[in-house]
2 protein chains.
Amino acid sequence: MRLADRHCDKCTPETPTLSEPEIAEQLRQLDGWQPAKSDGHALITKTFRFKGFMPGVDLVNRIAALAESEGHHPDLKLTYGSLIVDLTTHAAGGVTENDLILAAKIDEDQAPKS
Amino acid sequence: MRLADRHCDKCTPETPTLSEPEIAEQLRQLDGWQPAKSDGHALITKTFRFKGFMPGVDLVNRIAALAESEGHHPDLKLTYGSLIVDLTTHAAGGVTENDLILAAKIDEDQAPKS
């Protein structure tokens with residue numbers, strides 16, 4: 001099943017984290033997400049760029065709706081002209097399938113509708 | 001005039017920045033804002049804490065409305081349970097009265113109404 005069609009499981013300390021090669025392989029299915037580290041924990045990150053401030057606010061609201069629906073929440077850094085979305089599974093201490101699923105849903109939400 | 005009743009001027013490279021003692025003095029008028037530095041530039045920062053994610057999203061929207069109204073925009077870091085608001089005047093390379101005015105308006109917006 002496509003990542004964007006799946007749903008996040010509950011995050012627990014036992015949720016399996018992905019290795020760096022597994023993350024790299026999975027990111028090939030996504031659009032513009034990069035692996036990164038913060039405080040020694042793996043995450044995936046994507047930067048959206050805009051003209052102005054409100055397009056980023058609108059995207060925060062769209063992502064928040066997806067995040068609440070899935071019970072899985074990103075870290076968001078909003079500035080004038082950009083929004084950085086970081087995804088990691090804090091409970092598990094790394095990147096899990098839940099992060100990839102939410103990333104895929106964010107991509108799909110942003111994709112031009114045919 | 002109270003800071004919260006003033007309006008931000010257009011930010012330019014000539015907008016006067018405040019010294020550290022001036023910032024410290026002005027922050028005494030505000031609620032919970034702290035001086036900080038990022039990449040060598042002075043800023044003022046405040047952390048709001050919540051239960052959950054959506055209260056932070058709601059605050060992003062309220063702050064965005066103030067920011068658009070004033071033509072002056074903060075940097076916002078939203079995570080599950082907290083929102084960090086950073087204010088600086090990028091064009092001037094430091095903290096200006098515009099930052100204090102927007103901070104005061106954010107405080108006033110959050111204050112319990114009598």
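The values are calculated or read from the model by the stated rules, or taken from the named source; none is laboratory data. Predicted, not measured: the structure shown is a model, and the values here were computed from it. Methodologically, a virtual Cβ is constructed for each residue, glycine included, from the backbone with ideal geometry; neighbour enumeration extends over all protein chains shown. Ligands, DNA and RNA are excluded from the accessible area calculation, which covers all protein heavy atoms including side chains. Shrake-Rupley method; radii C 1.70, N 1.55, O 1.52, S 1.80 Å.
For the residues A:SER69, A:SER19, A:SER38, a GNM of chain A with alpha-carbon springs under 10 Å puts the largest fluctuation on A:SER38.
Taking the label point 7 Å along Cα→Cβ, A:HIS41 and its counterparts in the other copies are spaced 2.8 nm apart, in ascending order. Its DSSP H runs of at least 4 residues, each contributing -39,500 (n - 2.57), put the calculated 222 nm mean residue ellipticity of chain A at -11000 deg cm²/dmol, to the nearest 500. Annotation: lysines with alpha-carbon distance below 20 angstrom to B:LYS51 (same-chain offsets under eight excluded): A:LYS10, A:LYS77, B:LYS77. Its relative contact order, with pairs defined as Cα atoms under 8 Å and 6+ residues apart, puts chain A at 38 percent.
When all protein chains stay in place and ligands, DNA and RNA are ignored, the 1.4 Å accessible-area order of B:ARG62, B:ARG6, B:ARG49, largest first, is B:ARG49, B:ARG62, B:ARG6. In nanometres and ascending order, the distances from the B:PRO16 label point to those of the other copies are 6.4 (point 7 Å from Cα along Cα→Cβ). Summary for A:ARG28: label point 7 Å along Cα→Cβ; distances to the equivalent points in the other copies, ascending, 6.3 nm.
One Cα centroid belongs to the range B:89-114, the other to the range A:39-83; the line between them spans 23 Å.
Here, chain A is characterised by an Rg to Rh ratio of 0.95, where Rg is the alpha-carbon radius of gyration and Rh the Kirkwood radius.
Summing charges over all other residues whose Cβ lies under 10 Å from the Cβ of B:GLY32, with Lys and Arg as +1 and Asp and Glu as -1, gives -1.
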